[in-house]
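See below for the structure under consideration.
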Amino acid sequence: MGKYTISEFVKKTKQVEQVRENFDLETPRILEVNLTDQVWAKTGSMISYTGQIKFERERMLEHGVGMMFKKALTGEGTSLMKATGNGRLYLADQGKKITIFDLNNESITVNGNDLLAFEPSIDWDIKLMRKVAGMMSGGLFNVTLQGKGKVAITTHFEPLTLLVRPGESVITDPNATVAWSGHLTPEFRTDVSFRTFIGRGSGESIQMEFKGEGFVIIQPYEEVYMTGNSSS
């Protein structure tokens, strides 16, 4: 149904009035953060807010010299902003589907371009994919998050989770790989011939191979990684 009266449309699409959890999905593509202190979010992801909220770009030394050095090497592809105050904050990223994880002393590694927001109780660190740096558009890096708290990631369309079992490697296209178990370390296969390469990405002969036990989240879309983000 695409036709509504004004009152019908407002009733169908209006925000949920009652306060729920700190992180909640207002729609499958809009994250509602019920802010009472602070939250870290992808720069440029704010689409609306109510209440008294202050936004700050991540400062150069916000997370120490080591993190600053890593961000410089990755071209600041995972630029963050800090939202502080009280109110309701609405986040989105190019209409991508949002998934919320509630970590309980667990860890997950997320492609830097697919990280939307996380609570300040979460510890995080940037991991560089040195072997393929410069071989893909914008390079490739990821963020490992661990601890207790909520993390929101984004995917183009519906994600698929592949199980990694001992002795059964999972091979993925880097452009379609979103996240994986924090303890897994992917290996990059760069000696793949065009005859055997089955990924649909940019035509580069690069594949990610996951071994051990855990999971890998992929999306039905090859994402082009950009260096930097627009400000909100």
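Each reported figure results from applying straightforward, stated rules to the coordinates on display, with no laboratory input. These numbers come from a predicted model, not from an experiment. Cβ sites come from the backbone with ideal geometry, for glycine too, and all protein chains shown count toward neighbours.
Quick notes on this one:
- Averaged over residues, the count of other Cβ atoms within 10 Å places the peptides 173-183, 92-102, 5-15 in the sequence 173-183, 92-102, 5-15, highest first.
- Fully extending the segment from Phe157 to Leu128, taken as 0.36 nm per residue of separation minus the present Cα-Cα distance, adds 7.8 nm.
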